[in-house]
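Shown next, in structure tokens, is the structure this report addresses.
The values are calculated or read from the model by the stated rules, or taken from the named source; none is laboratory data. Note that the coordinates shown come from a computational prediction; the quantities given were computed from them, not determined experimentally. Here Cβ is always computed from backbone atoms with ideal geometry, including for glycine, and neighbour counts include all displayed protein chains.
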Amino acid sequence: MPVPLDSTAITHGIQLAVAPVFLLTAVAGMIGAAESIGINQRFVSQFDPGFGFDGFLVALLAGGNIAGCIPAGIFLAILKAGGTEIERTLGVSKSIIWILQGSIILVVSAYRLRDQINALFKRRTGP
């Protein structure tokens, strides 16, 4: 027999989900302010070196697995360091690394989307 949900349980669940987001946002804001004011002594318009995009790519490659973040991060670091080396030694543009990163995102996303579509069709047709 299904157990009815009461509003206090739902409210508590929302608080548990939202509170860490606010806390981490505040911490990120303080770190950004310290970086901006403490190191540069002024606001720099090119402040973001692309950490958000790199973090997104690492999380996508890790597939939501915390242990997978370490090899995915190492792979991305090797890719970026290799891009600088390729540009210096071979004279090839560093933009090839951006193309490679975009291709990785496309392939991983398509693979995950295929799994989601297969699961959706299995759910509709039954076991």
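Taking Phe43, is it at pLDDT below 85, surrounded by 12 or more Cβ atoms within 10 Å (Cβ to Cβ) and among the aromatic types (Phe, Trp, Tyr)? Criteria not met by Phe43.
Among the residues of this structure, Ile96 counts as one that is surrounded by 10 or more Cβ atoms within 10 Å (Cβ to Cβ) and within 20 Å of Phe51 (Cα to Cα).
Across region 72-127, the number of residues qualifying as touching a helix residue (DSSP H, G or I) at 6+ places or on another chain (Cβ under 9 Å), small (Gly, Ala, Ser) and not in a helix (DSSP H, G or I) comes to 1.
A single entry from Leu23, Leu61 fulfils the requirement of being touching a Phe, Trp or Tyr at 6+ places or on another chain (Cβ under 9 Å) and surrounded by 10 or more Cβ atoms within 10 Å (Cβ to Cβ): Leu61. Going through (1) at pLDDT below 75; (2) loosely packed, with under 10 Cβ neighbours inside 10 Å; (3) over 20 Å from Phe51 (Cα atoms) one by one, Ile10 falls short only on (2).
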